[in-house]
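Working notes, beginning with the structure itself.
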Amino acid sequence: MRTSPLRSVPRVDLLIGLAIIALGTLEAFTDAMDYGAARSPELWWVGQALVTGVLVWYRRRAPVAVFILMILAQYAWHRQGNESCPVWQLAALLIVFHTIGAHLSVRHGGAWALAGILIFDSGAVDHRFLPFQEAVFLTVMFGSAYLTGLALRGYLLRAHRMSERAARLELERERRAAEAVAAERNRIARELHDVVAHSVSMMVMQAGILRRRMGASQEGGPSLEAEMLGGIEQAGREAVEELRIMLGALRMPQDEALPQPGLDMVSNLISTVGSSGLRATLEVEGDAVRLAPGLDLSAYRIVQEALTNAVKYAGDADVRIRIAYRPDRLELEITDNGGGAGPALSTGNGLIGMRERAELFGGSLDAGPLPEGGYRVRARLPISQGVPMSEAAK
């Protein structure tokens, strides 16, 4: 698709060119004789005003070419017998001298400006000897126009250097902030390793020792207490492993991807909580789709937190986990039939965290006791059109 030439012209240049064309047309029909024309209106002025306006439009693209063409146009103007320069031509000449200063280097722009001033002062344009006062006037006028362009060029260059310096300072600030964050992450990782990981490892070791002693002192099969201790030991080992992964993530660069759990690991979560006496079942509706990593992780954490609360408050109960993949949303529902205290959950940090995870992705979460007894956590998370897991695996 081609772009119109006028659309590529800066709006300010387009307006200036149109103003020159309009002024030249107006002078052609009003006071042409005041500038030495044979009659008024002088219709050929309109064509020259149109050419001058077009040259002004493209002064930024080719400043030297426009500068030369404007001098030639002024030469042709005087060769037609016109004695003086009208306002619209004088304005166009001042603009192109300004452009030479603003868009060329001091060396090249100064040389072209000096050459233009000498051409006008020598009388080469209008074929006459210029009085000293008129030569001084032209020198001051065109020289001032060039110097204003030069001043604008200097200002723009300083502004550009300042913006580059600000960008470098911003990059340096971000680099230092990233280094500070990395140092803090390493400090947190060391503290977690020295305190939390050590404490959890000691708990796992003591639970394992106690379980083995109970098993050695009993002749029959393993007792309920031994099974619970085994569950504690297994959960502790998994906590240590997850903590080890987290510590590794803290030491990794922030832009490196870290595998995170998702809804495909809910079955492993169910087997983990089974040792606590909680009977959990999983129902999946619809075709599973590949979710965004953050959404997949948040959905898993909601299910995990709901199961944790069920273990705390539901006691020996049945839990039903329903994951429904809809065309535009993901629905999670965790329901238990226990007699746990709902108000305790509704005021806890667990529910707040689950609701924040849902709202982070524009979803919603509600939780509360059921009329027939038990408790239900239900979340709705909007999703984009995902890729079916069966196709993604191909």
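The values are calculated or read from the model by the stated rules, or taken from the named source; none is laboratory data. What you are looking at is a predicted structure, and each value in this text was computed from that prediction instead of being measured. Cβ atoms come from the backbone with ideal geometry, glycine included; neighbour counts cover every protein chain shown. What goes into the accessible areas is simple: the full protein's heavy atoms, side chains included, and nothing from ligands, DNA or RNA. Shrake-Rupley method; radii C 1.70, N 1.55, O 1.52, S 1.80 Å.
For the range 114-125, does any single residue satisfy the condition of being touching a residue at least 12 places away in the same chain (Cβ under 8 Å) and under 20 Å from residue 60 (Cβ atoms)?
yes
Which of the residues spanning the range 68-98 are part of a helix (DSSP H, G or I) and more than 52 Å from the chain's Cα centre (by Cα)? So that I can check it myself, show each step before the final result.
Applying the first criterion (part of a helix (DSSP H, G or I)) to the range 68-98 yields 68-79, 87-98.
Hits for the range 68-98 are 75, 76, 77, 78, 79.
Within the range 118-141, is even one residue among the basic types (Lys, Arg), open to solvent by 60 Å² or more (accessible area, probe 1.4 Å) and under 20 Å from residue 73 (Cα atoms)? Break it down into steps so the answer makes sense when it comes.
Pass one, the range 118-141, residues among the basic types (Lys, Arg): 128.
Still in the list and also open to solvent by 60 Å² or more (accessible area, probe 1.4 Å): 128.
Those left that are additionally under 20 Å from residue 73 (Cα atoms): 128.
Scanning the range 118-141, I find at least one residue that is among the basic types (Lys, Arg), open to solvent by 60 Å² or more (accessible area, probe 1.4 Å) and under 20 Å from residue 73 (Cα atoms), so the answer is yes.
Take the residues of the range 156-168 that are over 19 Å from the mean Cα position of the chain (by Cα) and among the hydrophobic types (A, V, I, L, M, F, W, C): which is most open to solvent (accessible area, probe 1.4 Å)?
The selected residue is 162.
Determine, yes or no, whether residue 34 is assigned to a helix (DSSP H, G or I), in contact with a Ser or Thr (Cβ under 9 Å, 6 or more places away or on another chain) and farther than 20 Å from residue 149 by Cβ.
The answer is yes for residue 34.
Look through the range 1-23, keep the residues that are modelled with pLDDT of 70 or more and over 19 Å from residue 67 (Cβ atoms), and return whichever of them is surrounded by the fewest Cβ atoms within 10 Å (Cβ to Cβ). Step through it out loud before you land on a result.
Going through the range 1-23, the residues modelled with pLDDT of 70 or more turn out to be 9-23.
Next, only the ones that are over 19 Å from residue 67 (Cβ atoms) stay: 11, 14-15, 18-19, 21-23.
Working: 11: 8, 14: 15, 15: 13, 18: 13, 19: 14, 21: 19, 22: 13, 23: 19.
Checked the range 1-23; the qualifying residue surrounded by the fewest Cβ atoms within 10 Å (Cβ to Cβ) is 11.
Please determine whether any residue of the range 149-171 is at pLDDT 85 or above and either touching a Gly at 6+ places or on another chain (Cβ under 6 Å) or closer than 26 Å to residue 27 by Cβ (or both).
There is at least one residue in the range 149-171 that is at pLDDT 85 or above and either touching a Gly at 6+ places or on another chain (Cβ under 6 Å) or closer than 26 Å to residue 27 by Cβ (or both).
If I filter the range 50-62 for residues that are within 29 Å of residue 132 (Cβ to Cβ) and surrounded by fewer than 21 Cβ atoms within 10 Å (Cβ to Cβ), do I get at least one hit?
No, there is no match, as no residue in the range 50-62 is within 29 Å of residue 132 (Cβ to Cβ) and surrounded by fewer than 21 Cβ atoms within 10 Å (Cβ to Cβ).
Tell me yes or no: at least one residue of the range 226-244 is at pLDDT below 70, open to solvent by 40 Å² or more (accessible area, probe 1.4 Å) and small (Gly, Ala, Ser).
There is no residue in the range 226-244 that is at pLDDT below 70, open to solvent by 40 Å² or more (accessible area, probe 1.4 Å) and small (Gly, Ala, Ser).
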